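The values are calculated or read from the model by the stated rules, or taken from the named source; none is laboratory data. None of the values given here were measured: they were computed from a predicted structure. Methodologically, a virtual Cβ is constructed for each residue, glycine included, from the backbone with ideal geometry; neighbour enumeration extends over all protein chains shown. The area values use the complete protein model at the heavy-atom level, side chains included, leaving out ligands, DNA and RNA. Shrake-Rupley method; radii C 1.70, N 1.55, O 1.52, S 1.80 Å.
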Amino acid sequence: ASAQFQLAVPVAVVFAPRSVPGDLPRPLPFRDVQEMEIPVNLRTTVTTRYETIYRSATAQEEAALEAATAREADAALHLLQDASLGSLTMYVVPETSSLLPQGISVYVGKHRSALVRAGGGLAALRARLQQLTQVMSFTVNSITAALSDRVPDGQLGPDARRHLKSSLGYEITFSLLNPDPKSHAVDWDIENAVNRYVRPVLDKLSLVANFSVDSQILYYAVLGVTPRFDKESSSFLLSAHSLPHVINPVEARLGSSAASLYPVLNFLLYVPERSHSPLYIQDKDGAPVSTNAFHSPRWGGIMVYNVEAPASPQASLPLHVDVDMVRVMEVFLAQLRLLFGLSLEELPPEFLLESPGNDGLADWELDCLLWAHTVENIATVSTTLTSLAQLLDKIGNIVIKDDVASEVYRAVASAQSAVAELAVGHLHAAFQASKEAVTSSERAFFDPSLLHLLYFPDDQKFAIYIPLFLPMAVPILLSLAKIVRETRQRKKEPTKVD
């Protein structure tokens, strides 16, 4: 299915006093549009438009830029900004400004703005701004990853298939695996940890999808790989190449994905049995992994939590273990960001990114997700409706109910609306329309009345009915033949005339 995308990003470049480059083409304010093509395949084209307005700072913005630190300036400027999703504001500050630390030329805040140090002419500033707008909206990699089903394999980056596919909802399951309950009585305060660390992130992501969270403790659940004992460190090791074999046996015990409508993200905390403690994960180079955890693309993550051996060998078993949930949640939240594709690409050293804090992700990172998911949703709808059209072409006598037809019309209208909203830079409206399009197209595609098996090809009908009718057809045909013969004979016999 062919698809044409035009992604418009509204950008405001605001010059503080003494930061305007001398080689501006015309006096402020003025507009400028830069277009770029992202190659996908012959039938799918993505054009990006950065619609930039260059202007001077207002008195309120000047006051905000006089704050002591970049963080304070970012918080003050947030109140004065265009808050619409997908829009970016870049504040250009003088080269000598003390707002940015030494050696830092770009500061990315946790909302939808950045501070850029002036320096060099307009060309140098534009190059820096272009790099910055791509980081804060979408990169070539993020769009090709969103359209990965249409991109030839050779063109995909290594991380393209790591991210979760766009979905209307996700289920998150936290599992504590205690394979040796005789030795370890493990307590974890998962409810408080979820409310404190996970909820703020999911509240922010609620715009993207619905989330449900549950937790479980599994006893006697062991990893599918026996760790190797290392004499030097007197510890057990799991090497990187054995990690893929760890998941399958554990997954059979989780049982969460069987009844789920949505993708399930599994976060497992594994407390090794006493006979395999302490247990460490090694990376490909044989070095220990600092977090003692690993993640599996589109599946989730596992963290190994070692329990300190008791000081005296006479200690009574089971040992009581209180899990340090702060350490565990730091790892799980980092893995959650990776699964959603929020790991940042390599940035130059002069870029400084503000930590999003308790929110777990910055406003502009949420926009990055929305850009990618909107494009992916529209492409999914296009593929779904094309598949449905091919099915209907194949089966000539299929019955299409009115409600199925209306869902198809609604899906097409919503997808067209999403494409139109993207082209004018209305990210929120485009995303909502793309979600409606996905819902309608899936309702139509999975409607029970359109089940392929309800309709038989003609050759199958003959194959089924001929054996049933043949036994009856033989005497009927013989009788018909006899009647025809008798009629012909009667016509040939001369009629008697008295």
Task: So Arg26, is it under 27 Å from Leu370 (Cβ atoms) and over 26 Å from the mean Cα position of the chain (by Cα) - done: no
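Going by the conditions given, is Ser275 assigned by the TED database to the domain that holds Leu202, over 29 Å from Leu164 (Cα atoms) and either at pLDDT 90 or above or outside any strand (DSSP E or B) (or both)? Walk me through how you get there before you give the answer.
On the way: assigned by the TED database to the domain that holds Leu202: yes; over 29 Å from Leu164 (Cα atoms): yes; either at pLDDT 90 or above or outside any strand (DSSP E or B) (or both): yes.
Judged against the criteria, Ser275 is a match.
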- [ ] Read through the list (1) more than 30 Å from Ala379 (Cβ to Cβ); (2) buried (at least 22 other Cβ atoms within 10 Å of the Cβ), then give the number of the only condition that Ala146 fails.
- [x] (1)
Open item on the list: Looking only at the range 290-304, filter to residues that are assigned to a strand (DSSP E or B) and farther than 13 Å from Leu238 by Cβ; which one of those is most open to solvent (accessible area, probe 1.4 Å)?
Closed with: His295
Task: Verdict on Asn358 being closer than 21 Å to Tyr170 by Cβ, open to solvent by 20 Å² or more (accessible area, probe 1.4 Å), touching a helix residue (DSSP H, G or I) at 6+ places or on another chain (Cβ under 6 Å) and in a helix (DSSP H, G or I) - done: yes
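Based on this model, can you work out whether His245 counts as out of contact with any Lys or Arg (no Cβ under 8 Å at 6 or more places or on another chain) and open to solvent by less than 70 Å² (accessible area, probe 1.4 Å)?
Values: out of contact with any Lys or Arg (no Cβ under 8 Å at 6 or more places or on another chain): yes; open to solvent by less than 70 Å² (accessible area, probe 1.4 Å): no.
For His245, the condition - out of contact with any Lys or Arg (no Cβ under 8 Å at 6 or more places or on another chain) and open to solvent by less than 70 Å² (accessible area, probe 1.4 Å) - is not met.
Identify, please: which residue in the range 401-433 is outside any helix (DSSP H, G or I) and of a type outside the set (Lys, Arg) and is, among those, most open to solvent (accessible area, probe 1.4 Å)?
For the range 401-433, the residue satisfying everything is His426.
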Open item on the list: Is it the case, given these coordinates, that Arg253 is in contact with a Leu (Cβ under 6 Å, 6 or more places away or on another chain), modelled with pLDDT of 85 or more and of a type in the set (D, E, K, R)?
Closed with: no
- [ ] Note down all Cβ pairs under 7 Å where the first residue falls in the range 348-376 and is of a type in the set (Phe, Trp, Tyr), the second is in a helix (DSSP H, G or I), and they're at least six residues apart or on different chains.
- [x] Trp364/Met136; Trp371/Leu427
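Condition test on Asp214, is it within 28 Å of Phe340 (Cα to Cα) and charged (D, E, K, R)?
yes
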Open item on the list: Looking at (1) among the aliphatic types (A, V, I, L, M); (2) at pLDDT 95 or above; (3) under 21 Å from the mean Cα position of the chain (by Cα), which one does Ala413 not meet, given that it meets all the others?
Closed with: (3)
TODO: Looking only at the range 453-473, decide whether some residue is at pLDDT below 90, assigned to a helix (DSSP H, G or I) and closer than 30 Å to Asn377 by Cβ.
DONE: yes
